[in-house]
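Q: Mind having a look at this structure? Questions to follow.
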Amino acid sequence: MNGVDSHPLDLESPRLTVKAPEVRYDKQGNNPDEERIAAAILAFAKDFGRTAAAYMESCVHCGQCAQACHYYVASKEPKYTPIWKLEPFKRAYARESGPFAFIYKAFNLKPKVTIEEFQDWQTLLYDSCSMCGRCSLICPMGIDIAALVGRARHGMFQAGLVPHELWAVAERAEREGSPLGATAKVLKERIGWLAEEHDIDIPLDKEIADVLVTLSSIEIMKYPNSIVSLAKVLNHMEASWTLRSDGYEATNFGLLSGNFQWQSDMSMRLINAAIACKAKLMVLPECGHAYGALRWEGANIYGKTLPFRVLHISELLEENIKNGRIRLNPMNKSLTFHDPCQISRRGGATEAPRKVISALGVDFREMKDTGDFNWCCGGGGGVVTIHRADPLRYRAFEIKMKQIDDTGAELAVTACSNCRLTFDDGKAHFHWDKSMHSLLDLVADNLV
Amino acid sequence: MNLLAFAEGPALVTSLSVMIIGLAWRLVAIFRHPTQRNLSEPRSTATIAGAVRCIFTRMVPHQEFRSSTKLSSTNGYAYHVGLAVVVFGYLPHIDFLKRVVGISWPALPNVVIYLAAGLTIISLLLAIMLRLSDPVLQLLSNFDDYFSWFVTMFPVATGMVVLGAIGGHYPPNDPSAHDLAVAIHLLSVELLFLWLPFGKLAHAALVFVSRSAMGADFARKGSRI
């Protein structure tokens, strides 16, 4: 399983990923099973801090996390209970490095995890977990289950047990700089025709700029209007800004697939590009996990405090609406907002988009269970890339459709292109009459 | 040495020692790990406040989760509160603690104790019924879950036997006539002490650790706690 030609991209469907594989390769490499198991456990426990250790010790098996998980609620299948998704890693931890490991080992009270078990758990850790963190919010013991799933994915990657499609896009991202073929060459071409078609200045590769703007490959390949919207807003602000061909791709499939080295490589491209142009601010695009990867993990990867601020685009909009650099015309529409999990619940930027929406003067209709408690669209965490996950993802998406339909709002808006992609796919699947729009586009279209 | 003397003496000292040392070991297993330095720019530096807040906010599910967790949360409260009332409010227990540690407080009226004991028994039975019948709990449950339930229920049951033996008269007319029942009751409590650090009952201490860890982490990001 190697080489880009083995995994052609499907850029025509509502959902962008590699084409549905005729033969699945969900087991990478040729390592013996014992080595895979050892690698999985080692990677899971690598850099295990006090917080993760506390989480591993604390589950009381109350099962409440099931009620917070869209995949469980949609299917009622107990195996989708969030904490169960960690079961082999919990067992391995108890046996290998927990406080009573010597007893468990001596009497074999916690049997060794087998490669078959790890393989069986692949669909639970990847296909049916978007790491949305709703389970972490319900847990009465205060266990951040989503964070542990992220660690478990590190283990799975090192064991060579990543779902075919997710591995393929992550590998392409590491090799080409983008998971969806949005190479630097493609970016330059797109910017060229977008600038010409929209008669707008889109600076690329400026040597010095105050603001480095980054993109999601989903925007470049599917929603290029976002690039125009970015330019409109930043030019309206009269900002000194640039895109950089040596650091533009903010999606981080290293993080989603569980390869920490790739995650670091992808983050460092952006960090180095920002440093190269002496940026004071890096703006992350409408992409959920890109925010978590850079805003909350970027400095740890860099090894010291970042020499620039990091903002999600909705935070940039909010900040500049507040200081008067962005002025908006009011809209006469009703609107609801879908919170991207990694920006609101996991990222702490729940209020920023609401302040932007408020400035748009719309009839804002919150969904039931909104903000930090919003239901995930079901496509985050790389789930939307995996074809075999589609049936379950569509069932989970029904929760989302109902939430939006119940508001009766004319417009549905979000601040994550991966969510939009998932909505486009769900819309096509269910022949739904709603579309998911971009908050950035809305702002750009209503600038004074 | 008769059974009661054994239960009140070496068995009590041993079980309490195992509980304390075991819990300490369990905490050491967590705190031996390093705290990971987080270099990202915090949204809030009030991490200690976040840690404390999380300890309290997770005592009750967030509004959005209340309907789906109503039964398990309410039932959990029922046996935790019921046990606390019986253990710390019943006169014989207070007298025993006074003898062992030298401190005492006023007892609750017996009618309150009987109601609390009834509530505890019903809620513990409901807890095990849920665990045996709910597909999610069935899947999650292992030996620890069932044995922890047993060592919690056993002292309640043996306590009821003692209550029946003394006929509700305290102090009993002839204490020595009930030595065996009291000894078994005490030993059943000591079984709970012995098991506590090894299984999920350790949440009595761990709940503060995990909640505060999450609270600090989430507060830093400005996330909902």
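Q: Would you mind checking which residues have amide H under 5 Å from A:ASP10's amide H? H placed 1.01 Å from N; only 5 or more apart, or other chain.
A: Amide H to amide H, under 5 Å and 5 or more residues apart or across chains, A:ASP10 pairs with A:THR17, A:VAL18, A:LYS19.
Q: While we're looking at this one, here's another question. Starting from the residue with the highest accessible area, list A:ASP363, A:ASP406, B:ASP179 in decreasing order, probe 1.4 Å.
A: Solvent-accessible surface, decreasing: A:ASP406, A:ASP363, B:ASP179.
Q: Restricting to the protein assembly as shown, what percent of DSSP beta bridges are antiparallel, rounded to 5? Before the final figure, lay out the partial values.
A: Working: 3 of 23 bridges.
In the protein assembly as shown, DSSP labels about 15 percent of beta bridges as antiparallel.
Q: Could you sort out which of A:LYS110/B:LYS70; A:LYS222/A:LYS402; A:LYS90/A:LYS427; A:LYS355/A:LYS402; A:LYS322/A:LYS402 sit more than 31 Å apart by Cα distance in this structure?
A: A:LYS110/B:LYS70; A:LYS90/A:LYS427; A:LYS322/A:LYS402
Q: Could you tell me how many degrees, from 0 to 90 and to the nearest 10, lie between the Cα long axis of helix A:87-96 and the main elongation axis, the longest principal axis, of the Cα atoms of chain A?
A: 60 degrees
Q: Dipole of the protein assembly as shown (Lys/Arg Cβ +1, Asp/Glu Cβ -1, origin at the Cα centre): which of B:ALA84, B:THR47, A:CYS377 lies farthest to the positive side?
A: Working it through, the farthest residue towards the positive pole turns out to be B:ALA84.
Q: Quick test of the membrane-span-like rule: which DSSP H helices of chain B reach at least 30 Å along their long axis (C-alpha atoms) with mean Kyte hydropathy at least 1.6? Don't skip to the answer; put the middle values down first.
A: Values: long enough: B:10-31 (31 Å, 1.90); B:63-89 (35 Å, 0.11); B:110-133 (34 Å, 2.01); B:143-166 (34 Å, 1.25).
What comes out of the filter, once short or polar helices are dropped, is B:10-31, B:110-133.
Q: Here is a further query. In degrees between 0 and 90, to the nearest 10, how far off the longest principal axis of chain A does helix A:390-407 point, with axes built from Cα atoms?
A: In chain A, helix A:390-407 runs at an angle near 50 degrees to the longest axis.
Q: Moving to a separate point now. Can you compute the modelled spin-label distance between A:ASP369 and A:ASP405, with each label point 7 Å from Cα toward Cβ, in nm?
A: It works out to 1.6 nm between the two label points.
Q: Accessible surface of A:VAL73 in the full protein assembly, 1.4 angstrom probe, to the nearest 10 Å²?
A: Near enough 40 Å² of accessible area.
Q: Right, next: Hey, if you put +1 on the Cβ of every Lys and Arg and -1 on every Asp and Glu Cβ in segment A:279-374, which of A:TYR302, A:MET331, A:TYR291 ends up farthest toward the positive end of that dipole?
A: A:TYR302
Q: Would you please give the FRET efficiency between B:SER68 and A:LYS112, computed as 1/(1 + (r/R0)^6) with r the Cβ-Cβ distance and R0 = 51 Å, to the nearest 0.05?
A: About 0.90, to the nearest 0.05.
Q: Right, another one. I want the local charge near A:GLU207. Using Cβ-Cβ distances under 11 Å, sum +1 for each Lys or Arg and -1 for each Asp or Glu among the other residues. Intermediate values should be presented prior to the final figure.
A: Details: positive: A:LYS206, A:ARG244, A:LYS278; negative: A:ASP205.
Computed value for this residue: +2.
Q: Right, next: Run the quick spin-label model on A:ARG325 and A:HIS198: label points 7 Å from Cα toward the beta carbon, then report their separation in nm to one decimal.
A: 1.9 nm
Q: Considering only C-alpha atoms, what is the centroid distance from segment A:14-88 to segment A:401-448, in Å?
A: The two parts, judged by their Cα centres, are 30 Å apart.
Q: In the neighborhood of A:ASP33, defined by Cβ-to-Cβ distances under 15 Å, what is the net charge if each Lys or Arg adds +1 and each Asp or Glu adds -1? All intermediate terms of the calculation are to be shown ahead of the outcome.
A: Numbers: positive: A:LYS27, A:ARG36, A:LYS112; negative: A:ASP26, A:GLU34, A:GLU35, A:GLU116, A:GLU117, A:ASP120.
Charge balance near A:ASP33 sits at -3.
Q: Let me know the charge dipole size of segment A:327-445 about its Cα centre in debye, to the nearest 20, where only the beta-carbon of Lys, Arg (+1) and Asp, Glu (-1) is charged. Please list the in-between numbers first.
A: Values: 16 positive and 16 negative charges, 48 e Å.
That gives a dipole near 240 debye.
Q: Leaving ligands and nucleic acids out of the surface, order B:ILE55, A:ILE83 by accessible area at 1.4 Å, largest first. Please list the in-between numbers first.
A: On the way: B:ILE55 35, A:ILE83 10 Å².
The most accessible residue leads, giving B:ILE55, A:ILE83.
Q: Then there's this: Please give the net charge around B:LEU206, taking every other residue with its beta carbon less than 12 angstrom from that of B:LEU206, where Lys and Arg add +1 and Asp and Glu add -1.
A: +2
Q: Can you give me the solvent accessible area of B:LEU125 with a 1.4 Å probe, rounded to the nearest 10 Å²?
A: About 80 Å², ignoring ligands and nucleic acids.
Q: Let me ask something else about it. In straight Cα distance, which aspartates and glutamates are under 20 Å from B:LYS221, not counting same-chain residues fewer than 8 positions off?
A: A:ASP144, A:GLU286, A:GLU297, A:GLU315, A:GLU318, A:GLU319, A:ASP339, A:GLU351, A:ASP372, B:GLU41
Q: Given the options B:ARG53, B:ARG43, B:ARG131, state which has the largest fluctuation in a GNM of chain B using a 10 Å cut-off (strictly under) for Cα springs.
A: Per the Cα network of chain B with a 10 Å cutoff, B:ARG43 tops the list.
Q: Can you list the residues, at least 5 places off or on another chain, whose amide H is less than 5 Å from the amide H of A:ARG309, using H built in the peptide plane?
A: A:LEU281, A:MET282
Q: Is it possible to state the helix-based mean residue ellipticity at 222 nm for chain A, with each DSSP H run of 4+ residues giving -39500 (n - 2.57), the sum divided by total residues, to the nearest 500 deg cm²/dmol? What is it?
A: -13000 deg cm²/dmol
Q: Report the accessible area of A:MET266, computed with a 1.4 Å probe over the heavy atoms of all protein chains in place, in Å² rounded to the nearest 10.
A: Here the residue's solvent-accessible area equals roughly 10 Å².
Q: Here's a follow-up. Kindly sort A:THR422, A:THR114 by accessible area of their heavy atoms, largest first, with the probe set to 1.4 Å. Provide the component values of the computation, followed by the final result.
A: Numbers: A:THR422 0, A:THR114 55 Å².
Final ranking, largest accessible area leading: A:THR114, A:THR422.
Q: Compute the acute angle (0 to 90°) between the alpha-carbon long axis of helix A:260-276 and the principal axis of greatest extent of the alpha-carbon atoms of chain A; round to the nearest 10°.
A: That helix lies at roughly 30 degrees to the long axis.
Q: Can you tell which of A:ARG36, A:ARG175, A:ARG388 shows the greatest fluctuation in a Gaussian network model of chain A with Cα springs below 10 Å?
A: A:ARG175
Q: About the Cα centre of chain A, what is the dipole size in debye to 20, counting +1 per Lys and Arg Cβ and -1 per Asp and Glu Cβ, all else neutral?
A: So the dipole magnitude of chain A works out to roughly 1140 debye.
Q: Oh, and also: Give me the distance between the Cα centres of segment A:166-222 and segment B:34-50, rounded to whole Å.
A: What the calculation gives is 33 Å, centre to centre.
Q: Using 1/(1 + (r/R0)^6) with R0 = 45 angstrom and r between the beta carbons of B:VAL60 and A:ASP246, what's the FRET efficiency to the nearest 0.05? Spell out each step's value before the answer.
A: Numbers: r = 50 Å, r/R0 = 1.12.
In this case the efficiency is close to 0.35.
Q: Using a Gaussian network for chain A with springs between C-alpha atoms less than 10 Å apart, which of these wobbles most: A:LYS105, A:LYS27, A:LYS188?
A: Highest fluctuation of the listed residues: A:LYS105.
The values are calculated or read from the model by the stated rules, or taken from the named source; none is laboratory data. Values in this document were obtained by computation on a predicted structure and should not be read as measured data. Cβ atoms come from the backbone with ideal geometry, glycine included; neighbour counts cover every protein chain shown. Accessible surface is based on the protein model in full, side chains and every heavy atom, while ligands, DNA and RNA are left aside. Shrake-Rupley method; radii C 1.70, N 1.55, O 1.52, S 1.80 Å.
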